[in-house]
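The values are calculated or read from the model by the stated rules, or taken from the named source; none is laboratory data. Since the model is a prediction, treat every value here as computed from it, not as a measurement. Cβ: placed from backbone, ideal geometry, glycine included. Neighbour counts: every protein chain shown.
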Amino acid sequence: MIYNVYFHPLASYPGPKSHAATRLTYVVYQLTGQLPYRCHQLHTTYGDVVRIAPDELSFSNPNAWKDIYGHRQGHAPMPKDPAFYTRPDSGVDSIITANRADHSRGRRLISHAFSDKALREQQPLIKGYIDLLIQRLHEHASNGPLDMVAWYNWTTFDLIGDLAFGESFGCLETCTYNPWISMIFAGIKAGVFLSAVRRY
């Protein structure tokens with residue numbers, strides 16, 4: 001811990017000593033769902049670059065995005081964090097875990113669906129879901145406060161389902177999460193837990 005705080009290559013970056021000494025502080029915030037709020041608080045206190053773990057920095061300046069995630073001609077790609085981007089046991093990569101060449105190939109295969117022309121052609125479908133959302137909100141508004149996160153999630157998943165699979169998940173119709181959607185959220189929570197466990 002003394003090495004991490006005073007002699008580690010990131011020791012000169014600002015941040016609380018508790019975050020510099022051990023990743024345990026980071027993991028606690030991660031597992032309780034408070035990490036984004038904690039990072040925001042740290043950036044408010046320490047500035048654009050903050051040491052949030054012994055071997056990790058957080059950047060709040062949008063100009064850092066391109067340097068970190070952008071393609072840099074003539075440079076090797078940044079390595080992916082193995083605690084988050086692990087290959088599946090099957091050995092078959094997803095678009096998230098794929099190497100640069102496979103990821104580029106996958107992007108090319110689906111890029112036509114995101115062209116300006118293709119998106120304009122989908123406007124009636126998108127408008128239909130927005131109209132349905134507004135209709136459902138009017139129907140439920142007199143029942144008291146509404147959980148807008150749920151309503152926006154239902155709209156988003158219904159729209160994605162229709163665009164990707166030609167069929168809505170029916171969330172806006174039933175005002176509940178489809179079992180597939182609940183499974184996605186459970187998978188995200190499990191992924192956060194596994195990411196924390198992989199660090200130890």
Within segment 1-24, the residues that are without any contact (Cβ under 8 Å) to a residue 40 or more places away in the chain, touching a strand residue (DSSP E or B) at 6+ places or on another chain (Cβ under 7 Å) and either assigned to a helix (DSSP H, G or I) or farther than 21 Å from Ala64 by Cα (or both) are His19, Ala20
Hey, Phe114 among the aromatic types (Phe, Trp, Tyr) and more than 30 Å from Leu31 (Cα to Cα) or not:
yes
For segment 68-85, what are the residues that are of a type in the set (Gly, Ala, Ser) and outside any loop (DSSP other than H, G, I, E, B)?
none
Being hydrophobic (A, V, I, L, M, F, W, C), under 22 Å from the mean Cα position of the chain (by Cα) and closer than 26 Å to Glu121 by Cβ: is that true of Phe169 here?
yes
Out of all the residues in segment 22-38, is one or more over 17 Å from the mean Cα position of the chain (by Cα) and over 23 Å from Lys189 (Cα atoms)?
no
Identify all residues within segment 25-45 that are surrounded by 15 or more Cβ atoms within 10 Å (Cβ to Cβ) and either free of Cβ contacts under 8 Å to residues at least 40 places away in the same chain or not in a helix (DSSP H, G or I) (or both); write none if there are none.
Thr25, Tyr26, Tyr29, Leu35, Arg38, Cys39, Leu42, His43
Please specify each residue of segment 86-108 satisfying the condition of being at negative phi, assigned to a loop (DSSP other than H, G, I, E, B) and not polar (S, T, N, Q).
Arg87, Pro88, Asp89, Val92, Asp93, Ile95, Ile96, Ala98
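Name every residue in segment 103-114 that is within 23 Å of the chain's Cα centre (by Cα) and not basic (Lys, Arg), in order of residue number.
Across segment 103-114, the qualifying residues are His103, Ser104, Gly106, Leu109, Ile110, Ser111, Ala113, Phe114.
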Out of Leu159, Leu125, Leu133, report the one residue that is surrounded by 14 or more Cβ atoms within 10 Å (Cβ to Cβ) and either polar (S, T, N, Q) or over 23 Å from the mean Cα position of the chain (by Cα) (or both).
Leu133
Could you tell me which numbered condition Asp102 fails, if it satisfies all but one of (1) at pLDDT below 90; (2) farther than 27 Å from His71 by Cα; (3) acidic (Asp, Glu)?
(2)
Residue list for segment 46-67, filter: part of a helix (DSSP H, G or I) and surrounded by 11 or more Cβ atoms within 10 Å (Cβ to Cβ)
Tyr46, Ala64, Asp67
In the set Pro77, Pro82, the lone residue that is touching a residue at least 60 places away in the same chain (Cβ under 8 Å) and at negative phi is Pro82
